[in-house]
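Quick note: the coordinates plus some simple rules give every number you see, no bench work behind them. What you see is a predicted model, and the numbers here were worked out from it, not measured in a lab. FYI the Cβ positions are ideal-geometry reconstructions off the backbone, even for glycines, and counts take in every protein chain you see.
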Amino acid sequence: MTTDNMPAGVTETHTTVIEGLTYTAHTLPATRALNLLPKLALVLGAEGLELFMRLEAQASEAGTPEERSDLRRALMGSPEVVAPLFAYACANADAAGGFSAVAREILQATTCTGIKIGSNAIEAKVCDHFDDHFKGRLMHLFHVCVWAAQASFDAL
């Protein structure tokens, strides 16, 4: 979805389904994005940034902007990408104030349809239910963070 105040080619809202749950993230305003970028660089380290650059190079070869976006999403969601990024983040998280702090910052503008409150599933901000929503599902958390970071930067 684009809005009238968004530059051409920038999507305001991004939605995906991860393990049966629908997540929605919003493109970050420039100031928030610039403040988050150094933290992501610290967490991912040189190896993670190199992996991102290789993926971006692959995606940039696709035809239309929509095809590039679809390819980016597919590449970022693959276990071959998520697993090494998870390892880099675990190794480097302390340098950025801890993985939990960075994950919460990445997910600040993300909602989920399917957050459990008792026996009900609701749509809510992920950060408001962070601990319960991701309890016992750390790889799911990381997969959501990778997707949300990409979506929040409108193709990181």
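May I ask which residue of V17, A33, N120 lies farthest towards the positive end of the charge dipole of the chain, with charges of +1 (Lys, Arg) and -1 (Asp, Glu) on Cβ and the Cα centre as origin? Toward the positive end, the furthest listed residue is N120. One quarter of the surface of the convex hull around the alpha-carbon atoms of region 79-156 equals 5.5 nm², the direction-averaged projected area. For the chain, the Kirkwood estimate of hydrodynamic radius, built from reciprocal distances between every pair of different alpha carbons, is 16.0 Å. Taking other Cβ atoms within 10 Å as a rough exposure proxy, L49, L28 sort from fewest to most as L49, L28.
Seen from a random direction on average, the alpha-carbon convex hull of region 111-156 projects onto 3.3 square nanometres. Listed by chain and number, the aspartates and glutamates whose C-alpha is less than 15 Å from the C-alpha of K116, apart from same-chain residues fewer than 8 away, are E19, D128, D131, D132. Bridgeable lysines around K39 (alpha carbons under 29 Å apart, same-chain partners fewer than 8 residues away excluded): K125, K135. Listed from fewest to most Cβ neighbours within 10 Å, the set M139, M53, M76 follows the order M53, M139, M76. Could you tell me the calculated FRET efficiency between E123 and E80, based on Cβ-Cβ distance and R0 = 35 angstrom, to the nearest 0.05? Here the calculated transfer efficiency is 0.70. The alpha carbon centroids of region 61-84 and region 20-46 are separated by 17 Å. Per residue, the convex hull spanned by the alpha carbons of region 9-85 comes to 110 Å³. Full extension of the chain between R104 and A30 yields a length gain of 24.8 nm, computed as 0.36 nm times the residue separation minus the alpha carbon distance. Taking trypsin sites (Lys or Arg not before Pro) across region 94-139, the ones in a DSSP loop with at most 10 further Cβ atoms lying within 10 angstrom of their Cβ are K135.
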